[in-house]
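Novice: Take this structure first; my questions come after.
The values are calculated or read from the model by the stated rules, or taken from the named source; none is laboratory data. None of the values given here were measured: they were computed from a predicted structure. In this analysis, Cβ positions are derived from the backbone assuming ideal geometry, glycine residues included, and neighbour counts consider all displayed protein chains. Ligands, DNA and RNA are stripped out before the accessible areas are found, and what is left, the full protein with its side chains, is counted by its heavy atoms. Shrake-Rupley method; radii C 1.70, N 1.55, O 1.52, S 1.80 Å.
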Amino acid sequence: MNIHEYQAKQVLKGFGAPVAAGVAITSADEAEAAAKSLPGPLYVVKSQIHAGGRGKGKFKELPADAKGGVRLARSVEEAVAHAREMLGNTLVTAQTGPAGKQVNRLYIEDGADIARELYCSLLVDRATGRVSFVVSTEGGMDIEAVAHDTPEKIVTVAIDPEAGVTAADVAKINAALKLDGPAAQDGETLFPTLYRAFVEKDMSLLEVNPLIVMENGRLRVLDAKVSFDGNALFRHPDMLALRDETEEDPKEIEASKWDLAYVALDGDIGCMVNGAGLAMATMDIIKLYGKEPANFCDVGGGASKEKVAAAFKIITADPAVQGILVNIFGGIMRCDVIAEGVVAAVKEVGLQVPLVVRLEGTNVELGKKILNESGLAITAADDLDDAAQKIVAAVG
Ligand code: ADP
Ligand code: MG
């Protein structure tokens with residue numbers, strides 16, 4: 001789960017990290033009061049969408065030379081004018097894809113006098129199995145280019161889970177970021193603080209880009225992106241409350257309600273499977289026979305008829321789906337339950353595209369009988385090869 005920048009800053013502030021004062025608004029009428037509550041004379045109006053690259057982003061509805069999704073303003077009036085121009089429009093950034101994202105919320109923030117823009121993120125490094133700091137002096141809006149062109153300018157510091165962030169770790173990070181004087185002192189508290197926030201809130205990513213050194217030599221968190229480990233959210237109701245469902249794919253929200261693993265892809269065959277291994281095998285064999293999966297929905301081990309029906313509806317709700325392949329190996333999952341779920345869903349939502357079902361395992365005969373006697377246009381398949389060939393042929 002991702003949260004907005006203004007929420008991430010609120011969370012980090014709670015741990016004691018230095019962030020600027022700011023106010024989130026959802027209508028332009030609130031902009032004046034928001035800006036007036038800040039010290040000024042420099043304000044920043046920031047689009048709140050779940051995607052980065054906002055500064056360099058472009059609004060679809062505005063002329064090509066209009067300013068981007070993060071704008072400086074030198075007066076309250078200018079901040080209000082920016083808010084009016086930005087709210088409700090669609091921001092396209094390197095991370096949103098060409099469709100862009102509608103800006104429904106702005107964060108009006110106190111402007112900072114920036115001396116240097118640095119990069120600092122925390123993530124779980126799978127290679128070392130440790131939470132690691134990834135830092136660079138080359139922060140700001142082009143970190144992807146830095147990673148690509150000058151990877152030596154990016155330094156990783158892995159943290160020993162038992163020791164936490166030690167003085168030696170801080171010294172390494174400070175050196176990598178070329179911090180000295182008050183900034184280095186700030187680093188001594190900031191880096192352990194970021195680590196504590198990351199671990200205590202079960203984050204999977206905490207990215208501060210830029211972390212800035214201000215003209216007065218102090219550090220400040222100027223941008224913050226936080227993702228949480230979905231499997232740990234149950235123990236963080238306060239973080240779960242920050243979820244903004246308008247930023248998420250409605251099909252993924254529906255899937256998460258049913259505890260289904262749903263992943264959208266670019267092809268045209270929808271896949272219902274049970275188990276991650278079977279999902280991958282199913283997608284591989286679809287590709288082998290010349291098509292691409294549109295998505296897959298994993299119903300897991302012991303799904304109910306209702307859950308199977310929900311999965312089927314989520315798959316068919318994607319207009320890109322030209323055909324559906326149900327590929328189930330019934331171990332704990334019973335084939336008759338799958339068949340009942342599929343039949344119930346088809347009866348409810350109808351069937352506009354070809355459907356091939358391959359069942360194997362527990363109660364397979366009963367499952368096949370339910371499908372055959374349903375009177376629905378379902379093509380039965382004997383094995384994985386047969387199933388993939390049949391759905392690819394049916395889609396054409
Ligand atoms: P994004 O990464 O989505 O482009 P940022 O929050 O990093 O958005 O903002 C982009 C740039 O805007 C920053 O690199 C910084 O130069 C400038 N900026 C952002 N917030 C402020 C602020 N409060 N004061 C001054 N400049 C800012
Ligand atoms: Mg940024």
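Novice: Determine which lysines satisfy two conditions relative to K60: a Cα distance under 21 Å, and not lying fewer than 8 residues away in the same chain.
Specialist: Answer for K60, where 21 Å is the Cα cut-off: K46, K101, listed by chain and number.
Novice: What whole-number volume per residue, in cubic angstrom, does the convex hull of the C-alpha atoms of region 118-183 give?
Specialist: It is 89 Å³ per residue.
Novice: Taking GluC sites (Glu not before Pro) as candidate sites, keep only those in a DSSP loop with at most 16 other Cβ atoms within 10 Å, then name the longest stretch of the chain containing none of them.
Specialist: Between the exposed loop sites, the longest stretch runs 249-372.
Novice: Another question about this same structure. For the chain, what is the relative contact order in percent, using Cα pairs closer than 8 Å and at least 6 residues apart in sequence?
Specialist: The value is 12 percent.
Novice: Hey, what number do you get for the chain at 222 nm if only DSSP H runs of n ≥ 4 count, each worth -39500 (n - 2.57), divided across all residues, to the nearest 500?
Specialist: Here the helix-only value at 222 nm equals -10500 deg cm²/dmol.
Novice: Under 18 Å from the Cα of K178, which lysines turn up, not counting those fewer than eight places away in the same chain?
Specialist: Excluding near neighbours in sequence, the set is K153.
Novice: What list of ³J(HN,Hα) couplings, whole Hz, do you get for region 319-329 from phi and the Karplus terms 6.51, -1.76, 1.60, once you set θ to phi - 60° and write x for glycine and proline?
Specialist: x, 6, 6, 9, x, 10, 10, 9, 10, 10, 9
Novice: Mind listing the long-range amide H neighbours of L355? Cut-off is under 5 Å, sequence gap 5 or more, other chains count too, H placed in the peptide plane at 1.01 Å from N.
Specialist: Here the answer is I324, T379, since their amide H atoms fall under 5 Å of that of L355.
Novice: Next question, about the same structure. Counting only residues 5 or more places away or on other chains, whose amide H sits under 5 Å from the amide H of I269 once H atoms are built in the peptide plane?
Specialist: E292, A294, N295, Q322
Novice: Could you report region 21-110's accessible area per residue, 1.4 Å probe, as an integer in Å²?
Specialist: 46 Å²
Novice: While we're looking at this one, here's another question. What do you get for Rg/Rh over the chain if you use C-alpha atoms and the Kirkwood form of Rh?
Specialist: Rounded to two decimals, Rg over Rh is 1.06.
Novice: What number, in percent, do you get for the relative contact order of region 249-395 if the mean sequence gap of Cα pairs under 8 Å and at least 6 apart is divided by its residue count?
Specialist: Relative contact order of region 249-395: 24 percent.
Novice: Next question. Which value, in Å² and to the nearest 10, is the accessible area of K36 when all protein chains are kept and the probe is 1.4 Å?
Specialist: Estimated to the nearest 10 Å², K36 gives 130 Å².
Novice: Follow-up question, since we're still on this one. If you average the sequence gap of Cα pairs under 8 Å that are 6 or more apart and divide by the length of region 335-394, what percent do you get for the contact order?
Specialist: With pairs under 8 Å counted, the relative contact order is 42 percent.
Novice: Keeping the other protein chains in place, figure out the carbon and sulfur percent of the accessible area of the chain, with a 1.4 Å probe.
Specialist: Carbon plus sulfur share of accessible area: 52 percent.
Novice: Please report the accessible area of F329 (heavy atoms, 1.4 Å probe, ligands and nucleic acids excluded) in Å², nearest 10.
Specialist: Ignoring ligands and nucleic acids, F329 comes out at about 110 Å².
Novice: Per residue, how much accessible area does region 249-395 have with a 1.4 Å probe, in Å²?
Specialist: 44 Å²
Novice: Which whole-Hz couplings ³J(HN,Hα) result when phi for each residue of region 373-384 is put into the Karplus expression 6.51 cos²θ - 1.76 cosθ + 1.60, θ = phi - 60°, listed in order with x for Gly and Pro?
Specialist: Ordered by residue, 3J(HN,Hα) equals 8, 6, x, 8, 7, 10, 8, 8, 10, 8, 9, 5 Hz.
Novice: Name the residue farthest towards the positive end of the dipole of the chain from the options T90, N327, A24, assuming +1 on Cβ of Lys and Arg, -1 on Cβ of Asp and Glu, about the Cα centre.
Specialist: A24
Novice: Can you tell me the convex hull volume per residue for region 249-395, based on C-alpha atoms, in Å³ to the nearest whole number?
Specialist: Once divided by residue count, the hull of region 249-395 is 88 Å³.
Novice: Calculated FRET efficiency, R84 and V155, Cβ-Cβ r, R0 35 Å, to nearest 0.05?
Specialist: Result of the calculation: an efficiency of 0.25.
Novice: State the answer as a single residue: which of L62, A115, L351 lies farthest towards the positive end of the charge dipole of the chain, with beta carbon charges of +1 for Lys and Arg and -1 for Asp and Glu, about the Cα centre.
Specialist: Checked the options; the winner is L62.
Novice: Please list, or write none, the lysines whose alpha carbon is within less than 27 Å of the alpha carbon of K368, excluding same-chain residues fewer than 8 places away.
Specialist: Cross-link targets: K287, K291, K305, K307, K313, K347, K390.
Novice: For region 21-110, what Kirkwood radius comes out of the mean inverse Cα-Cα distance, in Å?
Specialist: 12.7 Å
Novice: What is the helix-to-structure angle for 181-200, meaning the angle in degrees between its Cα long axis and the longest Cα principal axis of the chain, kept from 0 to 90 and rounded to the nearest 10?
Specialist: Tilt relative to the chain: about 20 degrees.
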